[in-house]
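Below is one structure; the comments refer to it alone.
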Amino acid sequence: MSKRPEPVQVVKQRRDSVLRALTKGVPYIQFLGVEFERRGDELTAIMPFKEELIGNPILPALHGGATAAFLEVTAIITLSWGMIWEDMESGALNVENLEQIKLPRLPKTIDFTTDYLRSGLPRDAYARARITRAGRRYASVHVEGWQDNRARLYAQATGHFVMPQRDA
């Protein structure tokens, strides 16, 4: 007799809890106020507007460092989520007790290049990362950031990362 599938609410709750545990472990995510929305295995990062993120009060425009950090955090969490997703869905990641969950280490940035396409306005920003290459040791990611209109990017970035060793 085969095991019955879990109710969809249980699966969603487990996935959301694991994502919260992953992002809670990065203090800079808390500082920026970045949140992540999950649709299946796809993540959208949201950086809610805060006055402290303004770099040029004359325009006003978001600080370039806040924008670059937002895109880099989006890339790192997306890479980590991809690793966790595989383990979580296969049952290799024990998620019974989320307080004691052992999450993998985060990828380490080799280089990260940000293209500022227009001024970031004083409003919420969104970003999505697309993994262009993911191997056991190395990954390459492209990130796009926008504000009001997904088709009008205000910044984009490409990053290369050293992937953490997986526990055997």
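All of the numbers you see were taken from the coordinates with simple rules; none came from a lab. All of these numbers come straight from a predicted model, not from anything done at the bench. Quick reminder, even Gly has a Cβ in these numbers, built from the backbone with ideal geometry, and neighbours come from all protein chains shown.
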Sorted by Cβ neighbour density within 10 Å, fewest at the top, the residues Leu71, Leu153: Leu153, Leu71
Estimated vicinal HN-Hα couplings, Hz - the range 60-67 in sequence order (Karplus 6.51, -1.76, 1.60; Gly, Pro = x): x, 9, 4, 5, x, x, 5, 5
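Ordered by packing density, taken as the mean number of other Cβ atoms within 10 Å over each peptide's residues, highest first, how do 59-65, 80-86 rank? The partial results should precede the final answer.
Numbers: 59-65: 16.0, 80-86: 19.9.
Order by mean packing, descending: 80-86, 59-65.
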Overall form of the chain per C-alpha gyration tensor (a/c, 1.5; a/b vs b/c): prolate
Neighbour-count order for Tyr154, Tyr126, Tyr28, fewest beta carbons within 10 angstrom listed first: Tyr28, Tyr126, Tyr154
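Hey, fewest Cβ within 10 Å first, where do Val18, Val143 land in order?
Val18, Val143
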